[in-house]
Structure formats: structure tokens, C-alpha cells
1. For Cα pairs less than 8 Å apart in space and 6+ apart in sequence, what is the mean separation divided by the residue count of the range 131-188, i.e. the relative contact order in percent?
2. Using a Gaussian network model of the chain with C-alpha springs under 10 Å, which one of Ile58, Ile192, Ile16 is most mobile by mean-square fluctuation?
3. Evaluate Rg over Rh across the chain, taking Cα atoms for both radii and Kirkwood's formula for Rh.
4. Considering only C-alpha atoms, what is the centroid distance from the range 161-184 to the range 83-149, in Å?
5. If you stretched the chain out fully between Lys251 and Asp118, how much longer would it get, using 0.36 nm times the residue separation minus the C-alpha to C-alpha distance?
6. Only bridges whose two residues both fall in the chain count here: according to DSSP, what percent of them are antiparallel, nearest 5?
7. Need one number: nm distance between label points at Met59 and Val235, each 7 Å from Cα along Cα→Cβ, rounded to one decimal.
8. Whose amide H sits under 5 Å from the amide H of Thr10, counting only residues 5 or more places off or on another chain, with H placed in the peptide plane?
Amino acid sequence: MIKISGLRVTLDGEEILKGVDAEFPAEKISVVIGPNGSGKSTAIKSVLRLAEASSGEIMIDGRPIESYQQKELARKVAYLPQSRNVPDISVRNMVMHGRFPYLSYPRRYRKEDHMKVDEALKMMGLTELAGRKMDTLSGGQRQKAYMAMALAQDTDIIVMDEPTTFLDIKNQLDLLARARMLAGMGKTVIMILHDLEAVLHCADHVILLSGGRVLKSGTAEEVLSSAEISEAFGVAVGFYTAEGGQHCYVKPQGQSARV
């Protein structure tokens, strides 16, 4: 479990996070939502020590984050940022990067490293594409390669910043299904998402941020049906039942929250 208490982060003289309290349950999918500029990316970067806290506490499995050496933290948490340069390397070599936290100097891959990479490629359905260059892949295939790299890193926690951005609908659904698979394997998955329908169907736990503060946390339905959603986004969320279960849609404020 990850627990954040009283977290404050200031960047370029502006306080981005203003006393955030949040928990990310183990072996579940937690999704952070909120309007642009609410502090979502800063919050998850703090968990990776990519954003320095001015005050507050971050605990991972009962230990302060400061107690982790950088390599130890990299064996605990894998991170897929929102955007990155596409390297001129093969898919397999990209996935091999996930093994860096386990290598000593000089970097020589062991049999175990190759086995972990093979397993990750197979799990993401990329075995036949292992020799392809990253820049020849579609957006969906690339995102699978990054997820395979995170899998090869063999961490308990996987953090993804807006992983569905620029993906078509089919690949969005595929990525969310694979996130569910990771949680089923015992991984703690943390994502930032904007699609509230996707949040409703994939999240075990939701944290709503606005103005650098947590407005609401709980199950997807609890958060999406709350008054705090209107406060954060200036819209209401309606629910309806159809094939496949419950769905949601966004509508102007002032209308009934359910239909």
C-alpha cells in the first residue's frame, strides 16, 4: 500500500499540492482524476521522487519513501510517463531496459533477465514483434512495449500517467484490460485517466483532485456520483444501465444525476 499524508509540493514558486492525503490500496487499480492543472501528475511523480515534497509524508509498504535507495525504489515502482521520445532500438531492447535496476557494473544481462523479458513480451503479445524497431510500431503496440518494460522491471507497483492518450478505442480497451490483468497478478496499479466511463469500469479506487487538494476518494461510483465532481469539473455525471452493466455520461449541471 502507498499512503500519502499532508503532502505539499511547490514548483517554480507555485504550490501545486496543498496538503494531499491519499491511499492507494495494494493489488488494486487506483485512478487519479481531476481537471487540468489539479496536481495529478505531480502527485504520482512524488511517489517516484520525481517531484520533491516541501512537507508531508509518503509511505510505501509502511516505510518512508526517503528510506529507499534509488535502485531499491526502482525495484519497487515502475513508471510509464505520459510522453517520451521513441528510441531507435528494437522492442526487445526496449523491454530489456526494465532490467536495469537489477544489474551491477558492468551491465551484463543474466539468464534470469532474458527470461523475465521473454515472459513480459509474451504476456503483452509482443513476441513476434520483438525484433521490430520501436519507431515502426503503432501507438497501441508502442504502449504495450512500455508496459512490457514495466513488467520486466518486476515491481510490485506500476504507475501510468495518462496511458490511453492518443490510442484509438480498441487499444484503449485493450490497455485497460491489461491493467486489470496486472492487478489480478497482485500488482498495485496507479493510473491517471480522463475518460470517466473508463474510470467507472476499470477502477477499484478513485481519487479526485482539484486545485491541489483531494476533494473525494472512494469507489468509482461514489466519486463519480458525488457533488464534488460538479465542483471539480463544472458538470454532472449521469448513470444508466445497459448491456454490459452500468455506464455513465457527462451532462450540464442542474439536471438530475440519474436517469
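1. On the way: 23 pairs, mean separation 23.0, N = 58.
Taking the mean separation of contacting Cα pairs over the length of the range 131-188, I get 40 percent.
2. Ile16
3. On the way: Rg = 19.0 Å, Rh = 19.3 Å.
Rg/Rh: 0.98.
4. Between the Cα centres of the range 161-184 and the range 83-149 lies a distance of 18 Å.
5. On the way: separation 133, 0.36 × 133 = 47.88 nm, distance 4.58 nm.
Result: 43.3 nm gained on full extension.
6. Values: 29 of 47 bridges.
For the chain, the DSSP antiparallel bridge percentage is about 60.
7. 3.7
8. It is Ile16, Ser54, by chain and number.
The values are calculated or read from the model by the stated rules, or taken from the named source; none is laboratory data. From a predicted model like this one, the values you see are computed outputs, not experimental measurements. Don't worry about glycine lacking a Cβ; one is built from the backbone with ideal geometry, like all the others, and counts go over all protein chains shown. The protein model used for the area step is the full one, side chains on, heavy atoms only, and it has no ligands, DNA or RNA in it. Shrake-Rupley method; radii C 1.70, N 1.55, O 1.52, S 1.80 Å.
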